[in-house]
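The values are calculated or read from the model by the stated rules, or taken from the named source; none is laboratory data. No experiment lies behind these values; they were computed from the predicted model shown. Counting neighbours? That spans all protein chains shown, and the Cβs are built from the backbone with ideal geometry, glycine included. Just the protein is used for accessible areas: all its heavy atoms, side chains included, with ligands, DNA and RNA removed. Shrake-Rupley method; radii C 1.70, N 1.55, O 1.52, S 1.80 Å.
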Amino acid sequence: MRNRRSVWTVSTKPYSGAHFATFPEDLIEPCILAGAPAGGVVLDPFMGSGTTGAVATRLGRQWIGCELNPDYEPLQRERLAGQTAGLEF
Ligand SMILES: C[S@@+](CC[C@H](N)C(=O)[O-])C[C@H]1O[C@@H](n2cnc3c(N)ncnc32)[C@H](O)[C@@H]1O
């Protein structure tokens, strides 16, 4: 498999929640796979709507998130509800 270069092209996906800067799941997925082993812990200090936690859960990682604005907690709970854990190496 070819190594990633310094510019990554990822497709955007619509997100209907009320957060101003949600990033695409395809952007964070390779970072999680490279940065934490299956079952490992991912830290997102700027959680926003919870994209990292949702993708980490799907990929079988644990996660810890911090978010300054409590208004985003319902978005995080909604995104994480129903996210099923898988295992990917
Ligand atoms: C670019 S957004 C993150 C978006 C997130 N990756 C997503 O997909 O929804 C950055 C977030 O960091 C939060 N933030 C800013 N300063 C912070 C701080 N000092 N501690 C925790 N969260 C902070 C903001 O409220 C904002 O929701």
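Odds and ends about this structure:
- Dipole of the chain, positive direction: furthest Cα of 35, 21, 1, with charges on the beta-carbon: 1
- For the chain, dividing the convex hull volume of the Cα atoms by the residue count gives 107 Å³ per residue.
- Heavy-atom accessible area, probed at 1.4 angstrom with all protein chains present, ranks 59, 43 as 43, 59, highest first.
- Highest-MSF residue in the chain out of 36, 56, 21 [GNM, Cα springs under 10 Å]: 21
- Cα-projected label distance for residue 64 with residue 7, points at 7 Å along beta-carbon direction, nm: 3.7
- Rounded accessible area per residue of the chain, 1.4 Å, Å²: 69
- Annotation for residue 15 and residue 80: the two label points, set 7 Å from Cα along the Cα-Cβ direction, are 1.5 nm apart.
- For region 39-89, the mean projected area of the C-alpha convex hull, equal to one quarter of the hull surface, is 3.1 nm².
- Dipole size of the chain about its Cα centre, with +1 on Lys/Arg Cβ and -1 on Asp/Glu Cβ: approximately 380 debye, rounded to the nearest 20.
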